[in-house]
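Trainee: If you scroll down you'll find the structure; I have some questions about it.
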Amino acid sequence: MDAIEVAVLAYDGMTALDAVGPAQVLAAVPGVRLRWVAATPGARRTDCGMAVVADHALAAVPFPDVVLVPGGVDVRPVARDEPVLAWLRSAHARTRWTTSVCTGALVLAAAGLLRGVRATTHWLALDALARHGAVPVRERVVEDGKVMTAAGVSAGIDMALRLAERLAGRDAAEAAQLAIEYDPDPPFTAGSPRTARPAIVARARRALTGSRGDA
């Protein structure tokens, strides 16, 4: 199997699990080569304080097979970074898949890649997605053409497993799932605004509103 180059965009303030969750899945897929990229190589600090090292400048990975854009609490700086947006537009023209997790969809939208495209993002950011011309869909993973988007944070793992199937077949995707022992059994039914108690939805909204910036 030919190598499959997956470029993961790193930037200060990104949510760690948005990037690391899908990367862990895809690293278990035969033939996948992860490339952590940024405007300039170096460490980027995530919103939980951990550092992720981008080994490659954007210019060094111009045409990856897959682009993965993680989200963050406030994606406005990266969504206004024209060199990043220009790279996304150029790379997207030749990708097999262009993907995002959580508010990473707002970065794709800021690059003009989601106009008229069905896409999802964090439940609090769906209206912002619509303002960029995307067609917001309240689903965990959404495919439209070669664009694949995931809802909030943990949905990136589900998205990566679906992407693994598209890239390498179901057996490879299932083996990747087993390798990371992804067999969710959450203690609460509070993982979606549709299932969480109203008081919990309100509490989460208060915690996030004002800090989760629209792109």
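Trainee: Relative contact order for the chain: what is it in percent, counting Cα pairs under 8 Å that are at least 6 residues apart?
Mentor: Details: 469 pairs, mean separation 44.0, N = 215.
Relative CO of the chain lands at 20 percent.
Trainee: Shifting gears a bit: Can you give the longest stretch of the chain with no exposed loop site, where a site means chymotrypsin sites (Phe, Trp or Tyr not before Pro) in a DSSP loop (not H, G, I, E or B) with at most 15 other C-beta atoms within 10 Å? List each step's numbers first, then the result.
Mentor: Details: sites that count: TYR182, PHE188.
Result, exposed sites excluded: 1-181.
Trainee: Hey, in the GNM for the chain with a 10 angstrom Cα cutoff, which one of VAL201, VAL20, VAL78 fluctuates hardest?
Mentor: VAL201
Trainee: Next question, about the same structure. So how strong a dipole does segment 4-208 carry about its Cα centre when Lys and Arg Cβ are +1 and Asp and Glu Cβ are -1, to the nearest 20 debye? Spell out each step's value before the answer.
Mentor: Details: 23 positive and 20 negative charges, 139 e Å.
The calculated dipole for segment 4-208 is roughly 660 debye.
Trainee: How big is the convex hull of the Cα atoms of the chain, per residue, in Å³? Walk me through the intermediate numbers first.
Mentor: Details: hull volume 24.5 nm³, N = 215.
Taking the convex hull of the Cα positions in the chain, it is 114 Å³ per residue.
Values quoted throughout were computed directly from the atomic coordinates according to the rules given, and no laboratory measurement underlies them. The model shown is predicted, which means the values in this text are computed figures rather than measured ones. Please note: Cβ atoms are built from the backbone with ideal geometry, for glycine as well, and neighbour counts cover all protein chains shown.
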